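Have a look at the structure below, then the notes.
The values are calculated or read from the model by the stated rules, or taken from the named source; none is laboratory data. Since we're looking at a predicted model, the values are computed, not measured. All Cβ positions, glycine included, derive from the backbone under ideal geometry; neighbour counts span all protein chains shown. Accessible surface is based on the protein model in full, side chains and every heavy atom, while ligands, DNA and RNA are left aside. Shrake-Rupley method; radii C 1.70, N 1.55, O 1.52, S 1.80 Å.
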Amino acid sequence: MSYNPFTLSGKVILVTGASSGIGKSISIELSKMGAQLIISGRNEARLIETMNSLQGINHTFVSADLTIESELKILIDQLPQLDGLVLSAGIVKTMLFQYITLQDIKEVMDVNFFSPVILINMLVKLKKINKGASIIFISSISGNLCTWAGNSIYSASKAAINGIAKGLALDLAKKSIRVNTIMPGMIESDILDNNIITKEQILEDVKNYPLKRYGKTDEIAYAAIYLLSDTTRWVTGTNLLIDGGYTLT
Amino acid sequence: MSITNFIKDFSENFEETDESLFLPNTKFRELDEWDSLTGLAVLNMLKVKYYKLITAEEFLKISTIEELYNCTI
Ligand SMILES: NC(=O)c1ccc[n+]([C@@H]2O[C@H](COP(=O)([O-])OP(=O)(O)OC[C@H]3O[C@@H](n4cnc5c(N)ncnc54)[C@H](OP(=O)(O)O)[C@@H]3O)[C@@H](O)[C@H]2O)c1
């Protein structure tokens, strides 16, 4: 018996930020559910590592810096018709407000907000997103529900994502394209800035999580499977909170 | 950049501590106002004004203002 309402078999899905952390784990899990993937990131060596971890054949990778117009174009040119998009590329800049400059704001907004939004915008114009497709932004609890010291720009970028996700969900509903976000709490990945945070501080911070640990990347990947699968064909404009209970208190 | 100027920049990360307490041999972690937020401010200051990136672990080993200054030159 092979009942599986979450299957992604036959779906063509783009994952950005696939060379590391959450995007990498999402790519691996989606491939196990039968999806055909196009994975993207900047670091080619690490993208190939992800490629080698994927199950099944017919996957492709495109290395591109999404903030560079010409590279974004190359990615778009290579994309087939899509049934799903997962926008996971993102950066953190931990700086107290009094030290930030316009350049810092632009740098974070470029990766976290402008590039995923423009990518979708161009794909919609080119009609490369199929009817019934599902778009997922990897947002954060930061900005929408809470913040941390030195995280004002990052918080702003993620709150902006949640805002535009609602707008997109409404505007693209007529094309039967669904748009949702996942809002993770702290997940173990390379994004943690070891120039700013000590191991002791992490151990201390973990105590603020009712479930007593940070999340793991695959725990976000399972949510992506859910939102990409046909089980959620009536779900759009929602934000799926996955934070080990952090924002309860 | 002299240590006098460095001490001035350093002290700007504090709001309440009296200027007279900022000396080369001041153990800054022992100042009443010191907390993790001030620590982050000092790390940001080193990066932005002195182009000096030090890890949080390295930073923890530094105790006086002069030691901090020395790592910027
Ligand atoms: N980890 C957490 O605690 C956490 C919590 C909430 C939300 N998030 C969000 O989850 C997403 C993934 O984070 P992560 O933890 O997996 O971080 P990560 O391990 O640092 O991975 C970030 C990914 O983004 C890619 N990227 C960065 N700048 C890019 C650019 N200019 N063009 C193209 N790709 C770029 C990186 O590519 P290269 O490495 O190839 O350069 C990498 O694949 C981010 O949006 C982050 O804000 C993370």
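Cβ-Cβ distances below 6 Å connect the following pairs, each with a first residue in region A:147-159 that is surrounded by 22 or more Cβ atoms within 10 Å (Cβ to Cβ), a second residue that is assigned to a loop (DSSP other than H, G, I, E, B) and of a type in the set (Val, Ile, Thr), and a separation of six or more residues or different chains: A:Gly150/A:Thr94; A:Tyr154/A:Val92. Checked against (1) within 13 Å of the ligand (Cβ to nearest atom); (2) open to solvent by 10 Å² or more (accessible area, probe 1.4 Å), A:Val86 meets all criteria but (2).
Only a single criterion out of (1) crowded, with 20+ Cβ neighbours inside 10 Å; (2) away from the ligand (no atom under 14 Å from the Cβ); (3) within 22 Å of B:Val42 (Cβ to Cβ) is not satisfied by A:Ser134, namely (3).
Screening A:Leu102 on (1) more than 16 Å from the ligand (Cβ to nearest atom); (2) away from chain B (no Cβ under 14 Å) shows it passes everything except condition (2).
With respect to the conditions (1) of a type in the set (A, V, I, L, M, F, W, C); (2) open to solvent by less than 60 Å² (accessible area, probe 1.4 Å); (3) within 15 Å of the ligand (Cβ to nearest atom); (4) assigned to a helix (DSSP H, G or I), A:Phe114 falls short on a single one, namely (2). Once region A:178-210 is narrowed to residues that are among the aliphatic types (A, V, I, L, M) and within 14 Å of chain B (Cβ to nearest Cβ), the residue that is surrounded by the fewest Cβ atoms within 10 Å (Cβ to Cβ) is A:Leu203. Scanning region A:66-80 for residues that are crowded, with 17+ Cβ neighbours inside 10 Å and assigned to a loop (DSSP other than H, G, I, E, B) yields a count of 3. Go through the residues of region B:20-27 one by one and say whether even a single one is within 20 Å of A:Thr94 (Cβ to Cβ), of a type in the set (A, V, I, L, M, F, W, C) and surrounded by 16 or more Cβ atoms within 10 Å (Cβ to Cβ). Checked region B:20-27: no residue is within 20 Å of A:Thr94 (Cβ to Cβ), of a type in the set (A, V, I, L, M, F, W, C) and surrounded by 16 or more Cβ atoms within 10 Å (Cβ to Cβ).
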